[in-house]
Ligand code: BTN
């Protein structure tokens, strides 16, 4: 593992054919317009998991907005204990340290805020094709393009910090994907048919998170929740929610202010679902 925070690359940002280019983090930082997200960036060619490293930095007192970026992860983690495929130089893997003034019960608002920023960033490349699958998958054509893993540390009354981990399939070719994810994953390369400049995407995403996080702090969750709902994939559809050995079936209504999925079950009772995998059923 090597922290190359101070190394700057001279590679051309548009040179995305042939050998994959490393991200130029110094240039990225210079061109970020926000004051918080990305003020400190820790960049690695390879790491276990950016979330784990961000957690160590958080425990050591790192500032809010610190970003950990890696070109590849040997132990990239997804939700529900799954593995996150993290091949080198083709995608984006990053974690952002936030110290929100929120009650632990509202921690999911951070995930939903990030899903909106992520959907907006993807939307800029493929307008009208992006959907959010509750709670935080970014889908295009029903296939997963990006995911969010939020890990929080709390004391009894408040959140100490939140690690917002984001993985985006950018230039991940179908052939390079392991067979087990090929059927359900996609990438910007696969959808647009052309390689995407990762640095430009990353800049857009970090600026979007800076803006959406500010909105959450200043205006609360309501406006963001509306934007989240506008991207929500299966509103009004019958879905099955699976969590371990528990299955709930009903019609997806949307989310509440804690980010819980609201499901109208077959006996007409509205249920709040806090975790699980949502699978659409035929209508
Ligand atoms: C999911 O959809 O299951 C969440 C995937 C989150 C993956 C990202 S990649 C960067 C960060 N570090 C990790 O180990 N996981 C997250």
inquiry  = With angles folded into 0 to 90 degrees, how steeply does helix 108-123 sit against the dominant principal axis of the chain? Use alpha carbons for both and round to 10.
reply    = 60 degrees
note = Taking segment 193-251, the equivalent ellipsoid from its C-alpha gyration tensor has semi-axes in Å, biggest first, of 30, 20, 12
task = Write down Rg/Rh for segment 109-227, rounded to two decimals, with Rg from the C-alpha atoms and Rh from the Kirkwood relation over Cα pairs.
result = 1.00
task = With 10 Å bins from zero, work out the P(r) of segment 156-283 over every alpha carbon pair and list the percent per bin.
result = 10, 27, 34, 26, 3
request  = Can you tell me how much longer the chain between residue 184 and residue 237 gets when fully stretched, taken as 0.36 nm per residue apart minus their C-alpha distance, in nm with one decimal?
outcome  = 17.1 nm
query = Can you give the Kirkwood hydrodynamic radius of segment 154-215 from its Cα pairs, in Å with one decimal?
reply = 14.3 Å
message = Compute the orientation-averaged projected area for the chain from the convex hull of its Cα atoms and round it to one decimal in nm².
response = 15.3 nm²
message = Quick check: the angle from helix 222-231's long axis to the longest principal axis of the chain, C-alpha only, nearest 10 degrees?
response = 90 degrees
key: Efficiency of FRET between residue 192 and residue 267 - r from beta-carbon atoms, R0 51 angstrom, step 0.05   = 0.70
ask   = Working out 0.36 nm times the residue gap between residue 258 and residue 217, then minus their Cα-Cα distance, what length gain in nm do you get to one decimal?
value = 13.3 nm
remark   = Extension length gain for residue 83 and residue 126 (0.36 nm per residue less Cα distance), in nm, is 12.8 nm
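Here, each number is a calculation from the coordinates, and none is a lab measurement. All figures in this text were calculated on a predicted structure; none of them were measured in a lab. Reconstructed Cβ throughout: ideal geometry from the backbone, glycine too, with neighbour counts over all protein chains shown.
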